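Written below as structure tokens is the structure these notes are about.
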Amino acid sequence: MYRELEKIKEEGLKALLEIKDEKELENWRVKYFGKKGELQKLIINLKSTPKNERPKKGREINQLKNNFLDNFKNKKQEISNKSSQTKWVDPTLPSILPPIGHLHPMTLTINEIISIFEPLGYQRVSHPEIETDYFAFEALNMPKDHPARDEWETFFVNDNIVLTPHTSSGQVREMRKRKIPPIRMLNISRCYRRQQDVSHTPVFHQFEGLFIDEDVSIADLKGTLEYFTIRFFGEDRKTRIRPYHFQFTEPSFEVDISCEVCSGRGCKLCKNIGWLELGGAGMVHPNVLKAGGINYLKYKGFAFGWGVERILMMKTKINDIRLIYQNDIRFLEQF
Ligand code: PHE
């Protein structure tokens, strides 16, 4: 190889080896491949080379050019690989989090009910949803064919088995299990009735409190209801009990809470009454205590049973119970 070419080759490859970025590489390209570059100069100089040597030198210039081109391409690739590898990555940044859900509003409400009654010593229990006619009605002072049963719009599996229409079916079961008072039961369960409209579904939930001890009075019932209402609905809400009739309590009451829109003055929501109906309550009937094997001369008790959906709807102003079970994410996200 011509000395002159060898020198350019050596210098060129050495310079290429030290190149670290695209800018340096571009300078290198201009220096060797540019219009006034080293290779071009060699070609121009070819004219002053003796004629017989020209083909050989020309071939060598071409080889050099190809060699430089290959090395240039490799270097270019190397630089671009490196720059994509060294793109700024901060491994300490938090990653993209998946959306996080939360408990269903019904579960949240049930948990809240439990947390309100627990400090009073109420124990959360569960009793069968597929229940005998006996515990759902008979033990609650509603013998077969008693007209009071009508109110419970019951699904009968057969003559003796029902889908429990209320949590009161747990009362006598609990008494028989515990045997000796004091009993403080909080029975929260699904209930079933043949009903369906904006405030009723065939499957719904109730929570039932049962308190049995010596010297239990209506004042204790009233105090308990008030305590719950204030904790669940807020300080400014009032409760009242109104005479009613249930076969399994005597006396029986319906419990109302003051309307939150008008604070008792009367408005559209409460139909000008000033009160909204919460649910039933009363002093446990001696026949029910008897069915539960409790000494009804020594012990007294009170019970109350309210709808979980109902209190959730009252608290949050949900106006259609079906929204709770449609699982529309836009609805659920609001809780
Ligand atoms: N079980 C009754 C109902 O479903 C409510 C109730 C419970 C009433 C306890 C009195 C005592 O309507």
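Just a few scattered comments:
- Each other residue within a Cβ distance under 13 Å of Leu323 adds +1 if Lys or Arg and -1 if Asp or Glu, for a net charge of -1.
- Each Lys and Arg adds +1 at its Cβ and each Asp and Glu adds -1 at its Cβ; summed about the Cα centre, the range 165-229 shows a dipole of about 480 debye.
- Among the trypsin sites (Lys or Arg not before Pro) within the range 96-174, those in coil by DSSP and having at most 15 neighbouring Cβ atoms inside 10 Å are Lys144.
- Values of log10 I(q)/I(0), in the order q = 0.15 Å⁻¹, for the chain under a Debye, Cα-only, solvent-free model: -1.21
- Loop-located GluC sites (Glu not before Pro) in the range 230-335 (DSSP state not H, G, I, E or B) with no more than 10 neighbouring Cβ atoms inside 10 Å: Glu235, Glu333.
- Net charge of the neighbourhood of Glu60, taken over other residues with C-beta under 12 Å away and scored Lys/Arg +1, Asp/Glu -1, is +4.
- The range 248-314: trypsin sites (Lys or Arg not before Pro) in DSSP loop, at most 15 other beta carbons within 10 Å: Arg265, Lys268, Lys271, Lys298
- Here the extension length gained between Leu108 and Asn45 equals 13.6 nm, from 0.36 nm per residue of separation less the Cα-Cα distance.
- Approximating the spin labels as points 7 Å out from Cα along Cα→Cβ, the Tyr325-to-Asp236 distance works out to 3.4 nm.
- Surrounding net charge for Val216, when Lys and Arg each add one and Asp and Glu each subtract one, Cβ distance under 13 Å: 0
- Under the shape rule built on the C-alpha gyration tensor, where the axes satisfy a ≥ b ≥ c, the range 135-206 is oblate, since a/c reaches at least 1.5 while a/b does not exceed b/c.
- Here the spin labels are modelled as points 7 Å beyond Cα on the Cα-Cβ line, and at Lys7 and Lys76 they lie 2.9 nm apart.
- Disulfide-incompatible cysteines by the Cβ rule (no partner under 4.7 Å) in the chain: Cys191
- Debye, to nearest 20: dipole size of the range 46-165, +1 on Lys, Arg Cβ, -1 on Asp, Glu Cβ: 3600
Here, each number is a calculation from the coordinates, and none is a lab measurement. Keep in mind it's a predicted model, so treat the numbers as computed, not measured. Neighbour counts run over all protein chains shown; Cβ positions are idealised from the backbone, glycine included.
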